[in-house]
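The values are calculated or read from the model by the stated rules, or taken from the named source; none is laboratory data. On a predicted model such as this, the values are computed, not experimentally measured, just so you know. All Cβ positions, even for glycine, are placed from backbone atoms using ideal geometry, and neighbour counts span all protein chains on display.
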């Protein structure tokens, strides 16, 4: 069994996020860049498949040369190897463009499952997993809060607003996981050391057979072209309670004034 | 004349609030472009829903009244939309930015070579094309996006970004028949587990959301949150600290890796307001914070804050609100 886990390098949530004025994309070099936290749940699920059924697990990352630290971080959880797609022409691609690159990168890999995090913490569109599935002609079993593989059958509990759908299909399939699915482990010291020597296959768009005029900012189907910081909010009313809860009356007055009561 | 399709999200035969909000958004666009607003109902129950959709601005309803629409994962909806798009003149498709509908949009975008923009909070028209406003980085940055010329505009509308408006109109129903591909039947839905409380609104749709965090200290604290919510007709949310502790189910988690909500009133108790949480609620119209730590970052974005022990303040607040309701 072979599992591919696409991972993403994102700005640290706690740090400043900067949009590059010229390219109008997130400047991933402005603050500290990290492995997207949601990816850790996908990696954990893949590592469990490795432990339980001997799956080979490969990470896949799209990003410039300096994103290699993120690839090594992903490998430190005990994965078997990684593919990194690096090409200047990729910059500014929209979610569907990124999906085209991922689909091209995995199509000859003879995988059984692709396991994504359901969203990245920076763009948060959630579009990439289903778009990759569409490009590959595979089922998209997304928002998994539970998954189970039995032979060539996969069962997933797809979380939604009211609970979840129990869905099943045969492999190969594309899965995305939500954080409720597991409790990710920390990389072991052994894993961190081993990550340095795991095979890393760096490829360009040409290696994937993707033409530069299919991706990148100039060919994005959807483009963010203007951005501005949110105007600062006026300071609110802050009252201090004396320890008896009496400040609740002032809050109730305010709510009544605002017609919430 | 082109059509704007609105993919109706529904539950138990009733359109969700986001669907009615999208019909209003589509009508605002149509007022400029002259397009026709057509609702797309996929699944059983179209006959009963058509009147509601018409009364909220749908001039037309495409209805595929078949249990197949929900018997398989995502693709039946994609193929139904595709059949309408292929057979007609469609300028835009609006969908609710919920989990499962985003998948429909992504797959449709690939199939029809469209462009997809999610979580849109405002729409304008320039030169006959849509300009979509969307807030990113937890609401810290406001952006404008558009779909490239010549490509179908597939636009995900954020909950509570548009009001529900009754137009008092009525809709013509056009039944459609969809022949599913084999691929569309590859992943089956074997059962649906409904966990949501029937008597509290979904936090994505609710006008008021009451949220609890680490400061509650235990699972019991959420009974107090529910009591406050029920006085206000509100939904109940939780911070990640609270869901990670197992005090409340994960699907109620508000924040970067959970739900993004935008109610008219958010009341956070025992929530410090870490950036991961703010990313999921910062665009709420009014923010109330109750926290014993005066330095908690949530007070910086609060319209009204109470520095105090939530176990003293919230019971008193419930009392006060009940008294005011009479």
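Here are some notes:
- Residue identified as within 14 Å of another protein chain (Cβ to nearest Cβ), more than 21 Å from residue B:154 (Cβ to Cβ) and surrounded by fewer than 24 Cβ atoms within 10 Å (Cβ to Cβ) among B:51, B:55, B:71, B:47: B:71
- Annotation for the range A:115-123: at least one member residue is in contact with a strand residue (DSSP E or B) (Cβ under 6 Å, 6 or more places away or on another chain), more than 14 Å from chain B (Cβ to nearest Cβ), at pLDDT 95 or above and buried (at least 21 other Cβ atoms within 10 Å of the Cβ).
- When A:58, A:98 are checked against the criterion of being within 30 Å of residue A:189 (Cβ to Cβ) and at pLDDT 95 or above, A:58 stands alone in meeting it.
- Matching residues, the range B:268-326, being assigned to a helix (DSSP H, G or I), more than 8 Å from every other protein chain (Cβ to nearest Cβ), touching a strand residue (DSSP E or B) at 6+ places or on another chain (Cβ under 9 Å) and under 24 Å from residue A:124 (Cβ atoms): B:277, B:298
- Scanning the range A:242-261 for residues that are at the interface with chain B (Cβ under 7 Å from one of its Cβ atoms) and in contact with a strand residue (DSSP E or B) (Cβ under 6 Å, 6 or more places away or on another chain) returns A:247, A:251, A:254, A:260.
- Complete set of residues in the range A:33-60 that are under 17 Å from the mean Cα position of the chain (by Cα) and part of a loop (DSSP other than H, G, I, E, B): A:36, A:37, A:38
- All positions within the range B:215-246 that are assigned to a loop (DSSP other than H, G, I, E, B), surrounded by fewer than 22 Cβ atoms within 10 Å (Cβ to Cβ) and in contact (Cβ under 8 Å) with a residue 24 or more places away in the chain: B:217, B:218, B:219, B:233, B:245, B:246
- Any hit, the range B:160-174, residues being surrounded by fewer than 16 Cβ atoms within 10 Å (Cβ to Cβ), in contact (Cβ under 8 Å) with a residue 12 or more places away in the chain and within 11 Å of another protein chain (Cβ to nearest Cβ): no
- Subset of the range A:227-236 (residues that are at the interface with chain B (Cβ under 7 Å from one of its Cβ atoms) and either loosely packed, with under 14 Cβ neighbours inside 10 Å or under 20 Å from the mean Cα position of the chain (by Cα) (or both)): A:228, A:229, A:233
- Scanning the range B:94-112 for residues that are more than 7 Å from every other protein chain (Cβ to nearest Cβ) and at pLDDT below 95 turns up just one, B:97.
- Of all residues in the range A:7-30, those satisfying the criterion of being assigned to a loop (DSSP other than H, G, I, E, B) and over 21 Å from residue A:226 (Cα atoms) are A:8, A:12, A:13, A:14, A:15.
- Any hit, the range A:215-226, residues being surrounded by 15 or more Cβ atoms within 10 Å (Cβ to Cβ), farther than 30 Å from residue A:255 by Cβ and more than 12 Å from chain B (Cβ to nearest Cβ): yes
- The test for being surrounded by fewer than 22 Cβ atoms within 10 Å (Cβ to Cβ), modelled with pLDDT under 95 and more than 10 Å from every other protein chain (Cβ to nearest Cβ) does not hold for residue B:182.
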